[in-house]
Amino acid sequence: MNGGINLNSVKKKIVLVIIILLVIGIYPIYKIVSSDKASAAVTNKKNIQVSSINFDKTTYSLSIGNTYALNEIILPSNATNKAVTWSSSSPNIVKVDYDGVITALQKGTAKITATTDDGDKTAVCTVTVNDRDVNDTVITFKDKNLEQNIRYNIHKPTGDLYKSDVKNITNLSASYQDIKDISGIENLINLQVLNLSRNQIKDINAIGNLTKLETIYLENNQISDISPLKGLANLQILGLKKNRINDINSLKGLSNLKTLALNFNEVSDINVLKELSNLYSVDLQSNKISDISSLKDLKNLQYLYLESNKIKDISILKNLTNLQDISLESNEIDDISSINNLTKLNSLILSNNQISDISALSQLTNLQFKLDLEGNNITDVKPLKGLVKLQNLVLNSNKLSNLSGLDSLTNLQILELKNNQISDINPLKKMSRLQYLFLQGNKISVDNQQALKKALLQLKNIYF
């Protein structure tokens, strides 16, 4: 296949991804100083000189027509001027661009030199160009968006793509790229990390033989059949959020799996998970699960998310003593006695269930980050008095009139008590670290409101 691929469209999509990540708060945002302050900072900053430059590989072999991005290592890592000039001893054999991307032109050997602008430090890589192997055939990708991303990855915007061009790709990230067909990806035989989230992929057969894969993200696609994953025994992280999956039996042999995300699918039977003893984090939110007994022997589990299912019986949780974070929001639970020995819990979400007795929580003295009990039938919060590390407590929409027991929770920073039957708020006056307090939908007098405001001067926001 010949002809150019427009890399500008790939770059635009990457910029779009960064913008989206900025909006949702994932991509880091760096502070920009004004020009005056920036000038002053440059003026006052000590000049740190380059001490050395090296390559991660001092020799490399390519077939004619292949490209490769050399990786230079400049020390110290915080050197002020890391600019580099590139040159080739035989540009007719191997050419190099300003970014250190080399292209093999004809059989032979060339030395590629990187020279630092600061101090003229040099590093040399000897590149050998060989004739193309008879088995090194041209490969094609039916989906042009996938092809563009692969070309961008290997710095080859035009020309035929060969197996040898892609064999060294170990990490491919192509989310938000409107990819529909991943055929051709089977040629990335050394792929270890694959991110194809937020595309329009239905068929994943092409990844079935990529046995070096350790991490796969395929969230927000249209996948229903995950049987091609069954042979990927090296998988440790698998993200399949928001697809159309109802059968997960193909996961049976993935014994190295540590992190599994199947939230927002159509799964009802999770019996296969009992085989996956190395699971560390499992997200099954918003499925059709009622029976979680298959989780009882997963002793390595530390993070478990089961929101919005049809779960009533959680007795097996008593075995999962390494759990640190669990969410059971929006199920049908009325008995939580089995969690009284989960003393490593740091966060517990039990909102929107049918719980009235919370005495089992009295033993969970390591709860610190959050305890959410909103939307239950709780009348007595005295069992919480020993949870002195707790910082965030949510008790909205219960049947509370008496807050006795909460006065000992002096590390609380956020307390939500909306829509209860509270009139006496004196137990709250000792909460010297409280920053946000929500009391809407109660029967608190104006005098009591004013008295509480005077007692808690550190409050940033209080709502009556």
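Which of VAL96, LEU457, THR321 sits farthest toward the positive end of the charge dipole of the chain, with +1 on the Cβ of Lys and Arg and -1 on the Cβ of Asp and Glu?
Highest projection toward the positive end goes to LEU457.
Could you let me know the centre-to-centre spacing of the stretch 115-194 and the stretch 230-280, using Cα atoms, in angstrom?
29
Could you tell me the center-to-center distance, by alpha carbons, between the stretch 377-398 and the stretch 331-347 in angstrom?
Taking the Cα centre of each part, the stretch 377-398 and the stretch 331-347 sit 14 Å apart.
Dipole size in debye (nearest 20) for the chain around its Cα centre, Lys and Arg Cβ +1, Asp and Glu Cβ -1? It would help to have the intermediate numbers written out before the result.
On the way: 51 positive and 44 negative charges, 222 e Å.
Its charge dipole is roughly 1060 debye.
Points 7 angstrom from Cα along the Cβ direction at THR115 and VAL101: gap in nanometres?
Computed distance between label sites THR115 and VAL101 equals 2.4 nm.
Could you work out the pair-distance distribution P(r) of the chain from its alpha-carbon pairs, with 20 angstrom bin width and percents rounded to whole numbers?
Whole-percent P(r) values from 0 Å outward: 19, 37, 32, 11, 0.
Using θ = phi - 60° and the Karplus relation 6.51 cos²θ - 1.76 cosθ + 1.60, list the HN-Hα couplings for the stretch 312-323 in order, rounded to whole Hz, with x at every Gly or Pro.
Whole-Hz 3J(HN,Hα) from phi for the stretch 312-323: 10, 9, 10, 4, 5, 5, 4, 7, 9, 6, 9, 4.
With the cut-off at 24 Å, tell me which of the pairs LYS180/LYS230; LYS121/LYS156; LYS156/LYS258; LYS142/LYS258; LYS310/LYS389; LYS241/LYS389 have Cα atoms farther apart than that.
Violating the 24 Å Cα-Cα cut-off are LYS121/LYS156; LYS156/LYS258; LYS142/LYS258; LYS310/LYS389; LYS241/LYS389.
Considering the dipole of the chain built from charges on the beta carbon (Lys and Arg +1, Asp and Glu -1) around the Cα centre, which of SER359, ILE223, ILE182 is farthest to its positive end?
So the residue furthest toward the plus end is SER359.
Can you give the Rg/Rh ratio of the stretch 168-325, where Rg is from the C-alpha atoms and Rh is the Kirkwood radius?
Working: Rg = 15.4 Å, Rh = 15.9 Å.
Rounded to two decimals, Rg/Rh equals 0.97.
Using only DSSP helix segments of four residues or longer, with each worth -39500 (n - 2.57), what per-residue ellipticity at 222 nm results for the chain after dividing by its residue count and rounding to 500? Walk me through the numbers before you get to the answer.
Values: 5 runs with 53 residues, N = 464.
After summing the helix terms and dividing by the residues of the chain, the value is -3500 deg cm²/dmol.
Computed over the Cα atoms, what is the radius of gyration of the stretch 354-464 divided by 2.2 N^0.38 Å, N being its residue count?
Working: Rg = 12.8 Å, N = 111, 2.2 N^0.38 = 13.2 Å.
Dividing the Cα Rg of the stretch 354-464 by 2.2 N^0.38 Å gives 0.97.
Bear in mind these aren't lab numbers, they're just calculated from the coordinates by the rules spelled out. Owing to the predicted nature of the structure, the values given are computational and were not obtained by experimental measurement. Note that we place each Cβ from the backbone using ideal geometry, even for glycine, and neighbour counts take in every protein chain shown.
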